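So the structure is just underneath, and the comments pick up after that.
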Amino acid sequence: MLRIAVVENEKSCSDLLKEFIDRYCKENGEQARIVSFGDGIDIASDYTAEYDIIFLDTVMKHMDGFKAAEYIRRKDKNVIIVFVAPDAKYAVKGYSVEALSFMVKPVNYSEFSNEMSRCVEKIKNCRGKFVVLATENGINKIAVDSIVYIESQNHKMNINTTEKLYSVYETMKSLESRLPKEQFSRCNNCYLVNLDYVKGVHGEYALIEGEELKISRSRRKGFIEDISSYYFCG
C-alpha cells in the first residue's frame, strides 16, 4: 500500500493528480491511500511521518511548497517529495530539500507515470529499512536498524531504539511479522531482540548494549541457533 499526500490549492489540479494516481495503480497492480491538503500549512503544521510520497504544489496562499518541505524534512528525512509547479524556474530550489523530482503544470499522464515509477522503485528499495508505528505521541517512522529490542509490558510494546523509547499498543506477534525475521529473534516471550546488538550470552542472559535480558528455557535453543545463523551463515 502506497501512502500518498497531494498538497495542492487548486481543486482541479488536485483532482487530476488523484486521478493519475488511481490510473497508475490500476495499470501497475499497486494500491494507494491518498490524503489531500489544500495548503502547505495544512500538512506542515502537524506533520507525522506516515507518507511514502508527497506531491507538493510550490505556490500556495498561506505556506508555499518549499517552506512546507523544510518543515517536513525536519521530521522526515525519507519521504519522497515531488514538486508540482507552474514554471520550471522553481526547480532549482527543490534541491535544498532533497526533492526527488519536479513536474511543471499542466502535468500530462505520461510524465506523471514515469515519475511514479521512479518513486515506487525507490520505495520498494527502502521497504524493510523502516517501520511505521502509531505510538502514544503520534505516527513515527523508525529505522529498523535503530531498534535494539522490543519488550512486552502491561499490554503495550516498549520499543527501545538507539535514540529513544517508543510505546505502542500492538501485539508482539504483529510487530515481529513486520520486521526482518533473520535479524530479530525472541529470547523469551517478552523480548524481541535485534541480533545486531547481541554482544554475547552469559548463562541465562543475553548481553545487549549494556543490559542483560533473560533467556527462557523454551526459547534458548532457537535463540542461540538464530544468533549462529545470523553471524556465521548470513
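What is the percent carbon and sulfur in the accessible area of the chain, measuring with a 1.4 Å probe over the protein chains and ignoring ligands? Could the numbers behind the result be given before it?
On the way: 6080 of 12730 Å².
Within the chain, the accessible surface is 48 percent carbon and sulfur.
Calculate the dipole size of the chain relative to its Cα centre from +1 charges on Lys and Arg beta carbons and -1 charges on Asp and Glu beta carbons; express the result in debye to the nearest 20.
Details: 33 positive and 35 negative charges, 103 e Å.
Around 500 debye, computed over the chain.
Given a Förster distance of 22 angstrom, what is the FRET efficiency for ASN28 paired with TYR109, based on the Cβ-Cβ distance and rounded to 0.05? Please list the in-between numbers first.
On the way: r = 13 Å, r/R0 = 0.58.
Taking R0 as 22 Å, the efficiency between ASN28 and TYR109 is 0.95.
Within region 97-121, which residues have the backbone N less than 11 Å from the label spot 7 Å out from GLU70 along Cα→beta-carbon, could you tell me?
The answer is 97, whose backbone nitrogens lie closer than 11 Å to the label point.
With the chain treated as a Gaussian network of Cα nodes joined by springs under 10 Å, which of GLY38, GLY222, GLY29 yields the largest mean-square fluctuation?
Most flexible of the set in this elastic network: GLY29.
Please work out how much length the chain gains when fully extended from GLU163 to VAL35, using 0.36 nm per residue of separation minus the C-alpha to C-alpha distance, in nm with one decimal.
Values: separation 128, 0.36 × 128 = 46.08 nm, distance 2.96 nm.
Stretched out fully, the GLU163 to VAL35 stretch lengthens by 43.1 nm.
At 20 °C and 1.002 mPa s, grab the translational diffusion coefficient of region 134-226 from Stokes-Einstein with a Kirkwood Rh over Cα pairs, rounded to a whole number in µm² per second.
Once the numbers are plugged in, D ends up at 160 µm²/s.
Could you report region 1-154's accessible area per residue, 1.4 Å probe, as an integer in Å²? Numbers along the way, then the final one.
Values: 7720 Å² over 154 residues.
For region 1-154, the solvent-accessible area averages 50 Å² per residue.
Under a GNM of the chain (C-alpha, springs under 10 Å), which listed residue has the highest mean-square fluctuation: LYS141, LYS105, LYS164?
LYS164
Per-residue ellipticity at 222 nm for the chain, helices alone: DSSP H runs ≥ 4 residues times -39500 (n - 2.57), over residue total, nearest 500 deg cm²/dmol? Don't skip to the answer; put the middle values down first.
Working: 6 runs with 74 residues, N = 234.
Here the helix-only value at 222 nm equals -10000 deg cm²/dmol.
Which residues in region 105-133 place their backbone N less than 14 Å from a point set 7 Å from the Cα of ALA88 along the Cα-to-Cβ direction?
Correct set: 105-106.
The values are calculated or read from the model by the stated rules, or taken from the named source; none is laboratory data. None of these values were measured; they are calculated from a predicted model. Note that we place each Cβ from the backbone using ideal geometry, even for glycine, and neighbour counts take in every protein chain shown. In case anyone asks, the SASA skips ligands and DNA or RNA and just uses the protein heavy atoms, side chains included. Shrake-Rupley method; radii C 1.70, N 1.55, O 1.52, S 1.80 Å.
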